[in-house]
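Note sheet for the following structure.
The values are calculated or read from the model by the stated rules, or taken from the named source; none is laboratory data. Everything quoted here is computed from the prediction, not taken from an experiment. Virtual Cβ from ideal backbone geometry, glycine too; neighbours counted across all protein chains shown. Just the protein is used for accessible areas: all its heavy atoms, side chains included, with ligands, DNA and RNA removed. Shrake-Rupley method; radii C 1.70, N 1.55, O 1.52, S 1.80 Å.
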Amino acid sequence: MLKLIKYEYRKSLTMFIIIFGVLFGLEAYLAGSILLKSETNIAISTVLYMLIGWAGIMGLMIMGVISYARELNAKYSFMTFMTPNSTFKIVGAKYLTLLITTVVATLLYGVFVYLDVKLAMSRFEDTADMVEMINELMEMLFGKNISNLIIGFVGMVISIWVSILLTVSFAYLAITLSSTILANKKGKGWLAFGFFVAIRVVVQVVSNLLPSFDFGNDTLLQIMAGSWPSYIFEIIFIVGTYIGVSELLKHKVSL
């Protein structure tokens, strides 16, 4: 499994360097603007950092899907599936690579935001309003207790990761269907895309209809805690699509 993960990283190394390079470049621009106390550049760099930073994280997700699609359609890439490794290990390596990269990018992004806020507070004397606004926002989202704040933030990040993995897993399943069961069908690409959209919408609708538990509605943490059946439901689908993709590759791909 470790060798397969290393292969996934080597295969996409250039794209990783570009995405993380842009993230570091934007951080340098923002930090430099704060150090120079350039309000115009701070405003510009903050907007760019927020928009392009999250776009980069989404780009990692899209890149994983595109890479998988190319691998199934390019003959030379089939050697991955011809190795002694099982399809469960091969697909698992792709899932884990995406998860690890997304987790690292998200944590790095969060650390940079925290450091930028601390830097701004040290460089600008009149930060009382900023501090008060941040404290009010944190209390509104997670409550006053510091442990609740940490748990709430971690829970929010995990919910984002689950959503990303769920979307990617459905995309993997749709791509695998287009290369296996739908391989000889006309318009297989559109059929697979229609399947992806339909199943993603259905799962989201069903997830929203699942019962929630009342732990209070004062903070985001309480609301998220009450929605745990939805998270479990989505994780079950991630596991299900992983098994489905692995089985389809095992029995339906013609090498």
In region 214-255, residue nearest to Glu71 (Cα to Cα) [restricted to those that are open to solvent by 100 Å² or more (accessible area, probe 1.4 Å) and at pLDDT 75 or above]: Lys250
Qualifying residue in region 51-66 (condition: more than 15 Å from the chain's Cα centre (by Cα) and surrounded by 16 or more Cβ atoms within 10 Å (Cβ to Cβ)): no
Residue in region 195-212 that is open to solvent by less than 40 Å² (accessible area, probe 1.4 Å), over 18 Å from the mean Cα position of the chain (by Cα), among the aliphatic types (A, V, I, L, M) and modelled with pLDDT under 80 present: no
Any chance Leu177 is at pLDDT below 75 and part of a helix (DSSP H, G or I): no
Hits in region 94-118 (condition: open to solvent by 20 Å² or more (accessible area, probe 1.4 Å) and more than 14 Å from the chain's Cα centre (by Cα)): Val111, Phe112, Val113, Tyr114, Leu115, Val117, Lys118
Matching residues, region 1-50, being open to solvent by less than 50 Å² (accessible area, probe 1.4 Å), farther than 27 Å from Lys118 by Cβ and outside any helix (DSSP H, G or I): Ser12
